[in-house]
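Structure first, commentary second.
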Amino acid sequence: MRLSEIADQIGGEVIGQGDFEVRDVADYAAAASDLLSCADSPQRMERPTAAGALIVPPGVDPGRPGIRCENPLLGFARAVELFRPVEAPPPGIHSTAQIAEDARLGEGVRVEAHASVGPGSEIGEGSRIGAGARLGEGVRLGPACVIHPNVVLYPGVSLGARVVVHAGAVIGSDGFGYVPDGSGALVKFPQRGTVVIEDDVEIGANATIDRAALAETRIGRGTKIDNIVQIAHNVTIGENCALAGLVGISGSVRIGSGVLIGGQAGVADHVEIGDGARIAGKTGVTKSLEGGKTYMDTPAAERAEAGRRVAAYRRLPSLFRRVSALEEKLKDPGA
């Protein structure tokens, strides 16, 4: 495909030879002379690449044919779709699939081997249900959803349009709620709520999202959840958030829109996090946080305060040695 054609389709500006023929896309370090790659910053351009063409940000000279994009990574993502599109498998119901008699399936639905759809469920047109997936009673899926193999959607769970749920994820399992009865035993608080997943959400492999106790656990439109993430009961997450792998969100947390949470971070129950907050990996959030700020460390602190803490942590070994030496002098003043 000619470079000028690619630029037109990804919304970029051609640099140099618009008739340069691109055979495929490739990673920056692995690209060859007939391939297109991406240098998303001037710093990346300091590293060598054999790519025949590059997508670069404004003001950067690729030193070869290229395309300038306001958001180079977004442009490159669109270029990858051009060269390596994924074809949807054909619709149809596998002979081993189990579909309840009163389940309603829209046009163009695909249900693969050994999947099951429970009574009263509704599957939107063009949705795909992977092999071995289980949709419980009264589940609702909007159009163009993709449910990968061995996903479990518990009864009453609702998904909007174009939701993607990767293999092994469990949505709608009981929340972890127990009440001590005075004798030392724990009595389970009934988990009778549901989970609502809004449009264009993607949920990673083996992630778990618990149903609410009485109302709903809700994931906002456009939010992306990585593999092995735990979201507890009664949680509300706003729009266009991103949660990286191994994040744990405790019960009744409220997270605003545009929040980014790094891997292995943990959020305590009943905490509120404001819009646009950025939480670094392994951070422990024990209290509510304002939006629009970056937080690190445990307990979570704004970046400047967390940096001072880290500096203090590094000084602890030398401070310990100095204190020990002073203690020895106090024991023997003549030393």
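Here are the numbers:
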item: GLU125 long-range amide H proximity, modeled H, under 5 Å; result: GLY106, GLU107, ALA144
item: Relative contact order computed over the range 1-156 (Cα-Cα under 8 Å; 6+ residues apart), in percent; result: 13
item: Carbon/sulfur fraction of accessible area - the chain, other protein chains in place, 1.4 Å, %; result: 53
item: Dipole moment magnitude, nearest 20 debye, the chain about Cα centre, only Lys, Arg, Asp, Glu C-beta charged; result: 1380
item: Within the chain, percent of DSSP bridges classed antiparallel, to nearest 5; result: 10
item: Percent of beta bridges antiparallel (DSSP, the range 1-123, rounded to nearest 5); result: 20
item: Radius 15 Å from Cβ of ARG303, net charge of other residues (Lys, Arg +1; Asp, Glu -1); result: +1
item: Cα shape, the range 51-184, gyration tensor, a/c 1.5 rule; result: oblate
item: Scattering curve values for the range 113-181, log₁₀ I(q)/I(0), Debye with Cα scatterers, q = 0.13, 0.23 Å⁻¹; result: -0.34, -0.92
item: Rounded, prolate or oblate (a/c below 1.5 giving rounded, otherwise prolate when a/b exceeds b/c) for the range 1-104 by Cα gyration tensor; result: prolate
item: The range 58-75 - phi-based ³J(HN,Hα) in whole Hz, Karplus 6.51/-1.76/1.60, Gly and Pro as x; result: x, x, 9, 8, x, x, 5, x, x, 9, 9, 9, 4, 10, x, 5, 5, x
item: Alpha-carbon centroid distance for the pair the range 1-64 / the range 139-207, whole angstrom; result: 42
item: Residue-by-residue Karplus 3J(HN,Hα) for the range 29-40, coefficients 6.51, -1.76, 1.60, Hz, glycine and proline x; result: 6, 9, 5, 10, 5, 10, 10, 9, 9, 9, 10, 7
item: Surface accessible to a 1.4 Å probe, per residue, for the residues of the chain, Å²; result: 52
item: Distant-in-sequence amide H partners of ALA53 (H built 1.01 Å from N, under 5 Å); result: LEU35, SER37
item: Relative contact order (%) - criterion: Cα under 8 Å, at least six apart; region: the chain; result: 6
item: Size of electric dipole in the range 92-195: Cβ of Lys, Arg +1 and of Asp, Glu -1, about Cα centre, debye, nearest 20; result: 220
item: The range 34-137: GluC sites (Glu not before Pro) in DSSP coil with no more than 16 other Cβ atoms inside 10 Å; result: GLU46, GLU70, GLU87, GLU101, GLU107, GLU125, GLU137
item: Enclosed volume per residue, in Å³, of the convex hull spanned by Cα atoms of the chain; result: 216
item: Dimensions in Å of the range 170-242 - Rg and Dmax from alpha carbons; result: 13.7, 47
item: FRET efficiency for GLU5 and ARG221, using Cβ-Cβ distance with R0 set to 41 Å, rounded to 0.05; result: 0.80
item: For GLY262, net neighbour charge (Lys/Arg +1, Asp/Glu -1) across residues whose Cβ lies under 14 Å away; result: +2
item: Pairs of alpha carbons in the range 200-324 whose separation is greater than 18 Å (percent); result: 52
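The values are calculated or read from the model by the stated rules, or taken from the named source; none is laboratory data. Nothing here was measured: the structure is a model prediction, and the numbers come from that model. Neighbour counts are summed over all protein chains in view; Cβ atoms, including those assigned to glycine, are modelled from backbone coordinates with ideal geometry. Just the protein is used for accessible areas: all its heavy atoms, side chains included, with ligands, DNA and RNA removed. Shrake-Rupley method; radii C 1.70, N 1.55, O 1.52, S 1.80 Å.
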